[in-house]
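Worksheet: one structure, shown below.
The values are calculated or read from the model by the stated rules, or taken from the named source; none is laboratory data. This is a predicted model, so every value here is computed, not measured. Quick reminder, even Gly has a Cβ in these numbers, built from the backbone with ideal geometry, and neighbours come from all protein chains shown. The accessibility values were calculated without ligands, DNA or RNA, using every heavy atom of the protein model including side chains. Shrake-Rupley method; radii C 1.70, N 1.55, O 1.52, S 1.80 Å.
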Amino acid sequence: MAYSHGDGHHPPQSFWTRYVWSQDHKVIAVQYTITAILIGLVGLVLSNLMRLQLGFPGRFAFIDAQHYYQFVTMHGMIMVIYLLTALFLGGFGNYLIPLMVGARDMVFPFLNMLSYWVYLVAVLVLVASFFVPGGPTGAGWTLYPPQAILPGTPGDGAGIILMLVSLLIFIVAATMGGLNYVTTVLQARTEGMTMFRLPLSVWGIFMATILALLAFPALFVSAVMMLLDKTLGTSFFMPAVISLGQTLGYKGGSPLLFQHLFWFFGHPEVYIVALPAFGIVSDLISTHARKNIFGYRMMVWAIIAIGVLSVVVWAHHMFVSGMNPYFGFFFATTTLIIAIPTALKVYNWVLTLWRGNIHLTVPMLFAIAFVSMFTIGGLTGLFLGNVSVDIPLSNTYFVVAHFHMVMGVAPILVVFGGLYHWFPKVTGRMLNDTLGKLHFWITFVGTYLIYFPMHYLGFLGMPRRYYAYDNYQFIPPSAQQLNVFITVVALIVGVAQLLFLFNLAWSAFKGRLAGPNPWGATTLEWQTPDTPPTHGNWGEAQPVVYRWAYEYSVPGATEDFVPQNLMPEGEGEGE
Amino acid sequence: MALAIALVIIVVAAVLFHVLSPWWMTPLASNWGQIDTTLSITIVITGLVFVVINLFIAYAVVRYRRRVGRRADYQPENKKLEGWLMGLTTVGIVAMLAPGLLVYAKLINPPEDALVLEVVGQQWQWSFRFAGRDGQLGSSGIDFINADNPLGLNPTDTRGQDDVLVQGNEVHLPLGRPVKVLLRSKDVLHDFYVQPFRARMNLVPGMVTHFWFTPTKTGRYEILCAQLCGVGHYNMRGMVVVEDEAAFQKWLNSQPTFRETMTKTAATGGEALVKQGATLAQSQGCFACHSVDGSTRVGPSWKGLYGKTETFADGTTAQVDDAYLHQFIRNPTARVPKGYPPIMPKFDLSDQQLAALVAYIESLGQGKGKDAVAQQ
Amino acid sequence: MAMPLPLGRHEGGSTHPGRSATSPGKTGLWVFMAVVTMLFALLLFAYMMRMQLYDWHPLPLPWQLWLSTTLLAASSLALLVARLGVWRGRWGEVRVGMAVGGGFAIAFVACQGWAWQQLLEWDYGVAGNPANSFFYLFTALHGLHVLGGLIALGLTARRLRREGPAAGIAVQLCARYWHFLLAVWLVLFGTLGTLTPALARSICGGLLG
């Protein structure tokens, strides 16, 4: 599969080497994306089952408390790790990085292939936990010990063990992929592609990957230690406890140690999901507003600043955990400081729209919806980061609403926007516009209707992770009506995702043919000689980059975009 | 265009919702009004940003929508504008953070003379302890916990002998006196959450955590567990009753001291046996899963249990009688009643204690059981 | 201007030789070592936090650990010889260095196992005390990284046989990884031997409340 000078490239011929055991980053990206979407569908169904119980308590006999907690846990874990992380890094990262930096492939293609297959094993182990005795773990996606490994929590046997094993496998996969992405960005950029000419998508994914590489070890360590606590009876995290009347052999461990390690991973994880979204949305807005991204340099520095700050804010998840209360001052301050670069990104997105020539295409709709959704999610983060305001709101529906808006729905909107945007490059065909708009409106309005009112249940004090709320006097009956409303909307939004899936499947074969550059974009992935790009991406010659990624509507240019690899006039003698 | 309208509607609807929503913080019942103030400041600032950004987007989308022949401006950056925006943001952040940290400084410094209340959590119920006349709590430890000493007080510690134990999920507090709450857990993480008090804290096994507040309004307030603690998490309830000092003292004096609970003699039969069973059920935490009023919790209710015919997951049935109950409690997971998770633990009970417990269950169920037999 | 370029090998070739002198393999290894450093740093952090709690009893370090430290150092030294051989173009030295280095590394892993056995004989089981648990965890994770390195070393030896000098860079990377493994082990061993709860408390007390 190595290319030799002069004789072009030899793409692998058989079906198996081409689509299954492929080392081509584009095929691996599609494999990652399809797998993540499939497991994400499981997560979606689980969330609707939870909503059924909350909207119509007790109506569905098969959703008992045990199952409810299993649904909550698996929904969270699947969405955060196996869908969003895998999709942004393994899917978008794999597809976009080599194309956007002008490389022929990732620098370690074999490792890249391995990364996908290991990820698939992690997913299969996760799925397997649904079928073992006792079912999957119901410990909440945070898996806090001691509860996660004690009876009294569903799936405290095989369920939690498989969960931890699956996470360990996933981390191995993410590390293999991550080494590739980082090294490719650092080493395989084509001639002229300086770091400050990289599209923001690459910057976002690059920084997120660095965070993933440095943060996942914390999850790895805590998962290994909890696994040993569970299987060998060590006491890393387990104090002496009397569990449901039984004295256990544990002694002296600290549940808080787990929380520190978990959130040292868990908070950067938020940015592992958010930074690629930031990057991609910047490119979508710039392209479809036909205007350069406003303040590119500040945008890059903001990504770097957010990445760096994100590793010193973790304990804001632990304000009421019982840790030394004096740490509250430090972590509240760092957390609110991180709002400054984040706010700057929001300002620059909306300023990019200003005096643009805004094409309200489907990707653009999703991108703008993201800005609105992310703004509210970010703002509610200021409640929870400010330690004393967090105290009454912690572990209520306010938190649920906050993190769903900021790191659930907002990144998913970007995923949709990105898929509508790059689908023509991946398949050579456009996604259906009408279906796309329908999908957009139901998803955008629906998620607002679900999550905005939910904040108010949190103000009221409704705790999260409750199977039922009967007989609580401070919760008025009207709260139940609101829950019914939210459930109905959630079901509609859930079903509406079928539109999207249908659109993907149908358009891949029957969609309108797209040209090589349907959106008139400047970045390199739109300048490939073939659409979809073939193995090796660039045919005979890799592109040479002459300018930054955002030459839209440059005064004096004939078109309203100038591709990064277009040779400036007067320099062309050599060709 | 539709997008701009949608964004404007979202802004208007959000503001209206905020004003008209019937769902809001429960009325404050503690001294932590400053938390509410900080929250209000945060709502105003963030609300303003939310409105401005969304309206700005809506305006831009309409004003700069695609027109044939139009070109967007080319403006890579504007350092001055970015500087101003960052500066303004910083001011907003400080305006929220400063009052927040000021309250927090008070929040973590309980007054010296505060009344000390110990809260002990276990799946899925609360217990409480106050210091006795000596004003000191005795030491405690997981190793001391047994059927007679459910809170695990050190029996040899003289300071603990007069400690007042509150079994059951209801605790009383005097109005207007600062309370320092010490929290510990026997098994997993819990969280002592009384929304009207605002302040709260996790219970962590292996350590003692704390927080403080001053109740400022009489009334009954629900205690919730707000840290996922297993399948019965949503049912881990309790009640705080805030009342005037005199009523509180009266209530406190009616609660047993540690010494009293330890010197109880074992009952032998009849009424006394049932009563011992009831106390035992309370101290062993049976009520976390079994109600006595017929409502279903994690396990079946004890009301009407005795004498009924139980169906098992494997389809077999059995009559609930003395022998069955003895067998079941000794080995609870051997047969699993249909519709309930197989999570009942084995309890370390003496034969006499077991007899008392069964007698208690029988006392709750016989009437109904007899009816059932009569119907057959 | 634009030039057709050969696409590099799987683990090798830059797609643009003019861009930078470092090979992707080198960069990749540095990134990987950063990840492993993070892993062990977090383990040490957990170790420091955990040892401040009341039930900590340090365990005696068996003498076999000194032997295994010597073996790993010898292994690292042998790979240094191999690496210098690449520089000087003496391929015989390279092969000997790699073989000897691999042998010492296998001996190191075996010796660590011997140390485990000794501890088990003294009745220091993995769940006996958190100090024991951490000891086994440290050595096991480090050992796994050595085993992973041995696989890479084996693959490099095969390439060396097939491709000769072209595999020189891979030998260098192996040597670098070996020095790294030695450094990690020295830090772990040093920590196990010298860090006391009091010292840990003065470094990072209080996070647990």
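Please work out the C-alpha center-to-center distance from region A:71-127 to region A:135-192 and express it in whole Å.
Taking the Cα centre of each part, region A:71-127 and region A:135-192 sit 12 Å apart.
Take chain B, connect every pair of alpha-carbon atoms lying under 10 Å apart with a spring to form a Gaussian network, then pick out the residue of B:328, B:248, B:17 with the largest mean-square fluctuation.
In this elastic network of chain B, the residue with the biggest mean-square fluctuation among B:328, B:248, B:17 is B:17.
Using helices alone, I'd like the mean residue ellipticity at 222 nm for chain C: each DSSP H run of four-plus residues gives -39500 (n - 2.57), total over residue count, nearest 500.
On the way: 6 runs with 152 residues, N = 209.
Helix-only estimate at 222 nm: -26000 deg cm²/dmol.
Residues of chain B: accessible area per residue at 1.4 Å, in Å²? Intermediate results must be reported in sequence, preceding the final value.
Details: 16810 Å² over 376 residues.
On a per-residue basis, 45 Å².
Summarise the accessible area of region C:23-208 (1.4 Å probe, protein heavy atoms) by the percent that is carbon and sulfur.
Working: 5560 of 7930 Å².
Exposed carbon and sulfur together represent 70 percent of the surface.
When the Kirkwood hydrodynamic radius is evaluated over all pairs of different C-alpha atoms of chain A, what value in angstrom, to one decimal, is obtained? If you can, show how the numbers build up before the last one.
Details: mean 1/r = 0.0406 Å⁻¹.
Result for chain A, one decimal place: 24.6 Å.
Got a sec? Which residues of region B:91-108 lose 40 Å² or more of accessible surface with every protein chain in place, vs. that chain alone, 1.4 Å probe?
B:93, B:97, B:101, B:104, B:108
Computing the accessible area with a 1.4 Å probe over protein heavy atoms, can you report the carbon and sulfur percentage for chain A? Mind showing how you got there, number by number?
Details: 11220 of 16120 Å².
Using a 1.4 Å probe with all protein chains present, chain A comes out at 70 percent carbon and sulfur.
Taking a probe of 1.4 angstrom, what is the accessible area of residue B:79 in Å², to the nearest 10?
Surface accessible to solvent at residue B:79 totals approximately 120 Å².
Using a 1.4 Å probe on the protein chains only, how many percent of the accessible area of chain B belongs to carbon and sulfur?
Working: 9980 of 16810 Å².
C and S fraction of accessible area: 59 percent.
Loop only per DSSP, at most 12 neighbouring Cβ atoms within 10 Å: give me the trypsin sites (Lys or Arg not before Pro) in region B:237-325, ordered by residue number. Walk me through the numbers on the way to the answer.
On the way: sites: B:237, B:250, B:259, B:264, B:275, B:297, B:303, B:308; in loops: B:264, B:297, B:303, B:308.
Loop-located and lightly packed - B:264.
I'd like the residues of region C:136-156 whose 1.4 Å-probe accessible area shrinks by no less than 10 Å² going from the isolated chain to the full set of protein chains.
So the qualifying set is C:137, C:141.
Please list, short to long, the whole-number percent of alpha-carbon pairs of chain B in consecutive 20 angstrom bins beginning at zero.
Per 20 Å bin, starting at 0, the Cα pair percentages come out as 22, 41, 24, 11, 2.
When the helices in chain B are scored as -39500 (n - 2.57) per DSSP H run of 4 or longer and the sum is shared across all residues, what 222 nm value do you end up with, to the nearest 500 deg cm²/dmol? Spell out each step's value before the answer.
Details: 8 runs with 143 residues, N = 376.
The per-residue figure over chain B is -13000 deg cm²/dmol.
Which one of B:315, B:219, B:132 has the biggest mean-square fluctuation once chain B is modelled by GNM with Cα springs under 10 Å?
B:315
Enter the accessible area of residue A:393 (Å², nearest 10), with the probe set to 1.4 Å and all protein chains included.
Its accessible surface works out to 0 Å², give or take rounding.
In nm, to one decimal, how far is the residue B:136 label point from the residue B:350 one, both placed 7 Å along Cα→Cβ?
3.1 nm
What share of the DSSP beta bridges in the protein assembly as shown is antiparallel, in percent to the nearest 5?
Numbers: 40 of 53 bridges.
Close to 75 percent.
Mind checking which lysines have their C-alpha under 20 Å from residue A:251, skipping anything on the same chain fewer than 8 residues away?
A:230, B:186
Given an 8 Å cut-off on Cα distances and at least 6 residues of separation, report the relative contact order of chain A as a percent. Numbers along the way, then the final one.
Values: 973 pairs, mean separation 91.6, N = 575.
Value for chain A: 16 percent.
Please report the equivalent ellipsoid semi-axes of the protein assembly as shown, computed as sqrt(5 x eigenvalue) of the Cα gyration tensor, largest first, in whole Å. It would help to have the intermediate numbers written out before the result.
Working: eigenvalues 584, 290, 151 Å².
Square roots of five times the eigenvalues give 54, 38, 27 Å.
Heavy-atom accessible area per residue, region C:58-141, 1.4 Å probe: how many Å²? Write down the numbers at each step before the final one.
On the way: 3780 Å² over 84 residues.
Value for region C:58-141: 45 Å² per residue.
Ignoring ligands, DNA and RNA and using a 1.4 Å probe, state the total buried accessible area between A and B in Å², rounded to the nearest 100. All intermediate terms of the calculation are to be shown ahead of the outcome.
Values: alone 22980 and 21750 Å², together 35130 Å².
Chains A and B together bury approximately 9600 Å².
Report the accessible surface area buried between chains C and A, summing both sides, using a 1.4 Å probe on protein heavy atoms only, in Å² rounded to the nearest 100. Show your work: numbers first, answer last.
Details: alone 11510 and 22980 Å², together 30030 Å².
Counting protein atoms only, the buried area is about 4500 Å².
Just which residues of region B:59-75 lose 50 Å² or more accessible area with every protein chain there, against their chain alone, with the probe set to 1.4 Å?
Buried by the other chains: B:64, B:66, B:71, B:72, B:73, B:74, B:75.
Rolling a 1.4 Å sphere over the protein heavy atoms, what is the accessible area per residue of region A:107-261, to the nearest Å²? Working shown, then result.
Numbers: 3470 Å² over 155 residues.
For region A:107-261, the solvent-accessible area averages 22 Å² per residue.
Under the rule of -39500 (n - 2.57) per DSSP H run of 4 or more residues, summed and divided by the residues of chain A, what mean residue ellipticity at 222 nm is obtained, to the nearest 500 deg cm²/dmol?
Numbers: 15 runs with 327 residues, N = 575.
Roughly -20000 deg cm²/dmol at 222 nm, from the helical runs in chain A.
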